[in-house]
Amino acid sequence: MSELLTARELKEQGSLVDLLSRLGYQPVPKRGREKMYISMLRDDDNDPSFSVNDELGVWFDHGLGKGGNIIDFGLAYWKNLGFNDVVKKIQQVCCIASTEPRPRRPRKPVKVQHIVERVKPLGVHPAITDYLRSRGVFDIAKFYLSEVYYYIEDEHDVRKHYFAAGWLNENNSWEVRNRYFKGCMGHKGITYIPGHPKKAAVFEGFIDFLSWRNENPEADQSIIVLNTLSLLQQGINKAKAFSCLDIYFDRDKAGKSATRDFIKALPYVTDRSAIYEGFNDYNDKLKAQLKTVVTAESTKSNFFSGLRVPFER
């Protein structure tokens, strides 16, 4: 009978991508070293927000604001198992045995760092523009977001360059996202936009804030964007300064739980999520409306293209 690997051996030999594949999870198609998944640690995750860098042996769930190595994942995935049982479970799922020596993949025991190289106004890079247009927020985003160009270095000091739309949080770090990635260039933090001294609107992320602003261009509330639900308590603390509060959280399990916690802390809060009832979030509603307009215009165009008008010279 094969013996269990030690935790250290498992971290060196185990592959997160292989483990996820054996559990039935596949990454979304994309290029680059980081693979993105629909989060298997949260319910109703519609946008891929679970990233894996298998070369470094690390993962990060951007919705939870948490990450770690293969064992940390096992502890989060099998919540009812203890440490030793998780080590055993991963070994069994991946068919790894200590009697079957495998070459070690050297990994730097360092946190993956993203370095911002430059920042440009929106509208320069067509891929960023197309992404924001697909979400229906490009025109309004020009007043709030920038194009952020950054790189990461792997264990061989090889740089890979990336780009995304982003804005600054209260820690002066860039909160960024593109079609395949959502993250932070530095320390996570909320973003605050001052407005009315007594009224505020609270959102999970900047895409939903922009969706709301697109429909409410004249609204004068101060704006609080959590940028991640893991900063819910910080958002609540910030919101305590306002006597009139509207919150626009997702209608999934995590968003509803956050809404309950927010209202429990500040009972006078108004949950405005009924505005996008039938959708997961504000942006889903906006995208559906955008699709309806495009379909109607396409139908109109196709109708007239089928007409034949007699012509005489």
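Find how much the distance from Val124 to Ala241 grows on full extension, using 0.36 nm per residue of separation minus their present alpha carbon separation; answer in nm with one decimal. List each step's numbers first, then the result.
Values: separation 117, 0.36 × 117 = 42.12 nm, distance 3.80 nm.
Computed gain between Val124 and Ala241 is 38.3 nm.
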Problem set entry | Cut-off 12 Å, label 7 Å out along Cα→Cβ of Ala274, residues of the range 204-245 by amide N | none
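Where a ≥ b ≥ c are the square roots of the eigenvalues of the C-alpha gyration tensor, would you call the range 115-200 rounded, which needs a/c under 1.5, or, failing that, prolate if a/b is larger than b/c, or oblate? Write down the numbers at each step before the final one.
Details: a/c = 2.51, a/b = 1.38, b/c = 1.82.
Here the range 115-200 falls in the oblate category.
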Exercise. Share of Cα-Cα pairs in the range 171-251 beyond 14 Å, in percent?
Worked result: 62 percent
Exercise. Would you list Leu132, Leu23 from the most to the least accessible area, probe 1.4 Å?
Worked result: Leu23, Leu132
Exercise. Can you give the accessible area of His125, probe radius 1.4 Å, in Å² rounded to 10?
Worked result: 50 Å²
Exercise. Roughly how many nanometres apart are two label points built 7 Å out from the Cα toward the Cβ at Lys66 and Asn84?
Worked result: 2.3 nm
Problem set entry | Relative compactness, the range 117-162, computed as alpha-carbon Rg over 2.2 N^0.38 Å | 1.40
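Students sometimes get this wrong: rank Thr292, Thr129 by accessible area, probe 1.4 Å, all chains present, largest first.
Numbers: Thr292 90, Thr129 15 Å².
Result, largest first: Thr292, Thr129.
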For this session: Give the accessible area for Trp212 in Å² (nearest 10); use a 1.4 Å probe, count only protein heavy atoms, and leave out ligands, DNA and RNA.
Result: 10 Å²
Problem set entry | Long-range HN-HN contacts of Gly123 with modeled amide H, under 5 Å | Thr129
Seminar exercise, completed: With bins of 10 Å, the percent of all Cα-Cα pairs of the range 170-214 per bin from 0 is 22, 51, 24, 3
Problem set entry | Accessible area (Å², 1.4 Å probe, nearest 10) - Val28 | 40 Å²
Exercise. For the range 158-178 and the range 247-268, what is the separation of their C-alpha centers, rounded to whole Å?
Worked result: 27 Å
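Could you give the accessible area per residue of the range 52-99, probe 1.4 Å, as a whole number in Å²?
Working: 2140 Å² over 48 residues.
For the range 52-99, the solvent-accessible area averages 45 Å² per residue.
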Seminar exercise, completed: If the label point sits 7 Å along Cα→Cβ of Tyr192, residues of the range 234-255 with amide N under 17 Å come out as 234-246
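The values are calculated or read from the model by the stated rules, or taken from the named source; none is laboratory data. What you are looking at is a predicted structure, and each value in this text was computed from that prediction instead of being measured. Glycine also receives a Cβ, built like all others from the backbone with ideal geometry; neighbour counts cover every protein chain displayed. Note: accessible area is taken over every heavy atom of the protein model, side chains too, but ligands, DNA and RNA are not part of it. Shrake-Rupley method; radii C 1.70, N 1.55, O 1.52, S 1.80 Å.
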